[in-house]
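Just so it is clear, none of the values below were taken in a lab; they were calculated from the coordinates. The model shown is predicted, which means the values in this text are computed figures rather than measured ones. Cβ: placed from backbone, ideal geometry, glycine included. Neighbour counts: every protein chain shown.
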Amino acid sequence: MDGLTRSNDLTFDLAQMPLRDVNQFLHHNVESGQKITILNPDGAHNIAVGLDAPIDLDIAGHAGYYAAGMNKLANVTIAGNVGPGVAENMMSGRVHVRGFASVAAGASAHSGLLVIDGDASLRCGISLKGADIVVGGNVGSFSGFMAQAGRMVVCGNAGDALGDSLYEAIIYVRGDIKSLGADAQLQPMTDTDYSTLEELLTKAELTYSPQEFKRIASAKQLYHWNANAHQEY
Amino acid sequence: MDLNNSSTPRSLSREASWGYDHRMINYIQNAANQGLYEIRGLGAKRQLPHFDDLVFLGASLTRYPLEGYREKCSTKTVLGTRYAKKPIELDIPITIAGMSFGSLSAHVKDALGRAATAAGTSTTTGDGGMTPEERLSSKTLVYQCLPSRYGFNPDDVRKADAIEIVIGQGAKPGGGGMLLGQKINPRVAQMRTLPEGIDQRSACRHPDWTGSDDLTIKIAELRELTDWEKPIYVKVGASRPFNDVKLAVQSGADVVVVDGMQGGTAATQVVFIEHVGIPTLAAVRQAVDALEDLNMKGKVQLIVSGGVRTGADVAKALAMGADAVSIGQGTLFAMGCNQETYLQDGTHYSAVDDYTALGTTPGHCHHCHTGKCPVGITTQDAMLEQRLEPQVGAQRVKNYLQTLAMELTTIARACGKQNVHHLEPEDLAALTIEAAAMARIPLAGTNWIPGA
């Protein structure tokens, strides 16, 4: 291997080949480290869902719903915008959106890294279960809703009800927060927070200073919903 | 008015109120004491129009019966024939409903899997993911994709035999799951990515789709992910089943599961259990109507659940147009839920003191939410869960399923059917006006269907 082009590099053209065949190939016939390009994605839904190998996958354009959904191990780059649920329920690996993302980006993702260079719409990181999400732009309302674990970095502004009903996930916002959701609160930054931000911003190839960010986490008032139970009046 | 009737109060000063009876007074005073709604397990307890309000018209001069003990009567059931490359093939049309590890102990999940396998049917995961125990013990395992997505992962999707997207359940259509802190032990917490001991209230809406157009794409995602092999079920709690079933079919479901308001839960507000949703009887009729309206009967299979207890219930659901039923609570009772004793190494031990400690008695217990199940079924307590020995539980559930299947074929043969799926509405009559109207089955002895 010369490090430039490898004999096992592959290109699929969705204008020529049905998505079902491409996905099936990606599930069963790839080799570790293989570089694969998908041409003419043309906003198709469910491109590269269920990847389960350490491959480098480039999607050369816009993708529809659930791009790289439930990804494991793969490093996916999307040279365009994505529809709802990009990298939803990701287990590991990395998904990088060069453009903007629609609603529910990274929903319920367990691990791995999702990077969105542009803005992400409503409910970014909803039900997050341990993955990291870095958004270069703004996030819409209800982002981080019921997020259980993981870290979310927002380099722009956040909409309404940020971090509503948060569990253990931590959200960092550089810009303005329109409003916080129930049980979400601003907390002082610690050394761990700064080093976390340093690490995530570096991974996302962003140059903002960690000092510019605020930390939002759960006030944990909703952890035990019946605090008054069994009181007799 | 007959003043000598013994049920008539002799003294007006002792007259009980219908609207404010003992139960209602107790409810109000409890609310006043606690400032909090009641939570409990199991399903609706109030009396509802049900399968009991229907009877079969056995064969006589106009129909030919089959020999009950000799002639063949098939119970084979195939689910997921619409798109899936590998449909589910079952020996009986009676499946085990989704119940979570978390609400139930790992022993119970294991026992349900063994019982289902022995009876030739499927069992289902729940809101908390798939345990290795249940995957191992279940020949056919349906994997639920729930709003919370607790423990949901692509490896388990690939290990599953079918996937059930849960929109809602009959005990609480419109509500999410609930698991109180005492049941969130370290293993449950780890599987659900939650801190130990918190009161968990899971989401009531899916995180990554809203509405049936999105659901179409979500179903397509799961199909793409599994190379179009596995049937996709969509489960709805019965509220507007006519519309919901149509939308589920339109979204690409292979199988639709409709759960009526008698369906159980591990923990839900009583007001939700008793006052939201419609009875199973009404739901089956509407669901079947929806399939017929779309000309999808037989192409998309219908599973009915919510208070299905006996072989007669199964037969009635099938006669009304269901392809299979699903049972949750019945399997728990089979294992010993609400029994006075539990079995350890072949010896019965009394659990009555433990029922008393919960403020209840065998036969009335619905304290699944506390995690203190006196017979070790709905618990995560390391000591209590030992009270249910998996092999005993498995044998009892297998016996129960076998009994239901025998009862089902008894009725089918009496109606002259060589296949339980040949039972039809024409085989039924209704005993009450309510049941006749809901099920659209004529009132017995008449041709009358109210509202038809």
Take chain A, connect every pair of alpha-carbon atoms lying under 10 Å apart with a spring to form a Gaussian network, then pick out the residue of A:L51, A:L122, A:L39 with the largest mean-square fluctuation. A:L39
Grab the beta carbon distance between A:D176 and B:D213, set R0 = 45 Å, and tell me the FRET efficiency rounded to 0.05. 0.85
Cα pair count fraction exceeding 27 Å, expressed as % - region B:51-439: 46
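Order by neighbour count: B:F333, A:F25, fewest other Cβ atoms within 10 Å first, most last.
Values: B:F333 17, A:F25 14.
The fewest-first ordering by Cβ neighbours comes to A:F25, B:F333.
Using the 10 angstrom Cβ neighbour count as an exposure proxy, how do A:I38, A:I170 rank, fewest first?
On the way: A:I38 25, A:I170 21.
Sorted ascending by nearby Cβ count, the order is A:I170, A:I38.
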Show which lysines lie in cross-link reach of A:K203 when reach means a straight Cα distance below 23 angstrom and same-chain residues fewer than eight apart are skipped. A:K35, A:K72, A:K129, A:K214
Taking DSSP loops as anything outside H, G, I, E and B, show the longest stretch in chain A free of GluC sites (Glu not before Pro) there with at most 12 other beta carbons within 10 Å. A:32-204
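So, with +1 on the Cβ of K and R and -1 on the Cβ of D and E, and no other charges, what is the size of the charge dipole of the protein assembly as shown about its Cα centre, to the nearest 20 debye? Write out the running numbers ahead of the final one.
Numbers: 59 positive and 73 negative charges, 227 e Å.
About 1080 debye.
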Using all C-alpha to C-alpha distances in region B:121-198, build P(r) with 10 Å bins and read off the rounded percent in each one. 18, 47, 33, 2
Where does helix A:19-28 land angle-wise versus the long Cα axis of chain A, in degrees 0 to 90, nearest 10? 90
Among A:N29, A:N40, A:N138, the residue with the largest mean-square fluctuation in a Gaussian network model of chain A built from Cα contacts under 10 Å is A:N29
Geometric extent, Cα atoms of the protein assembly as shown - Rg, Dmax (angstrom): 27.2, 105
Fewest first, what order do A:L10, B:L42, B:L318 take by the number of other Cβ atoms within 10 Å? A:L10, B:L42, B:L318
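Send over the Kirkwood Rh of region B:307-400, from the inverse of the averaged 1/r over different Cα pairs, rounded to one decimal Å. Present the calculation step by step, with values, prior to reporting the outcome.
On the way: mean 1/r = 0.0700 Å⁻¹.
Taking the inverse mean of 1/r over all distinct Cα pairs, region B:307-400 comes out at 14.3 Å.
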Taking the Cα centre of region A:1-143 as origin and charging only Cβ (+1 Lys, Arg; -1 Asp, Glu), how large is the dipole, in debye to the nearest 20? 340
With unit charges on the beta carbons (Lys and Arg positive, Asp and Glu negative) and the dipole taken about the Cα centre of chain B, which residue among B:W448, B:N26, B:Q418 sits farthest to the positive side? B:Q418
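For region A:63-140, take the convex hull of the Cα atoms, compute a quarter of its surface area, and give me that in nm², please. Numbers along the way, then the final one.
Working: hull surface 14.1 nm².
Over all viewing directions, region A:63-140 projects a mean Cα-hull area of 3.5 nm².
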Take the Cα atoms of region A:10-218, find their three principal axes, and give me the spread along each one in whole Å, biggest first. 52, 27, 26
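According to the square roots a ≥ b ≥ c of the eigenvalues of the Cα gyration tensor, what is the shape class of region B:1-128, taking rounded for a/c under 1.5, prolate for a/b larger than b/c otherwise, and oblate for the remainder?
Values: a/c = 3.65, a/b = 1.49, b/c = 2.44.
Oblate is the answer for region B:1-128, as a/c is 1.5 or above yet b/c matches or exceeds a/b.
Calculate the dipole size of region B:51-439 relative to its Cα centre from +1 charges on Lys and Arg beta carbons and -1 charges on Asp and Glu beta carbons; express the result in debye to the nearest 20.
Values: 37 positive and 44 negative charges, 102 e Å.
The dipole magnitude comes to about 480 debye.
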What do you get for the angle between helix A:191-203 and the principal long axis of chain A? Use alpha-carbon atoms, 0 to 90 degrees, nearest ten. 20
Say the dipole of region B:21-176 comes from +1 at the beta carbon of Lys and Arg and -1 at that of Asp and Glu; which of B:L136, B:Y83, B:A106 then lies farthest toward its positive end? B:Y83
Of B:G260, A:F25, A:M146, which is farthest towards the positive pole of the protein assembly as shown's charge dipole, taken about the Cα centre with +1 and -1 on the beta-carbons of Lys, Arg and Asp, Glu respectively? B:G260
Total lysine pairs whose alpha carbons fall under 16 Å of each other in region B:135-244 (8 or more apart, or interchain): 6
With 10 Å bins from zero, work out the P(r) of region A:131-233 over every alpha carbon pair and list the percent per bin. 16, 47, 25, 8, 4, 1
Where in chain B are the DSSP H helices whose alpha-carbon span along the long axis reaches 27 Å or more and whose Kyte-Doolittle mean is at least -1.0? B:390-414
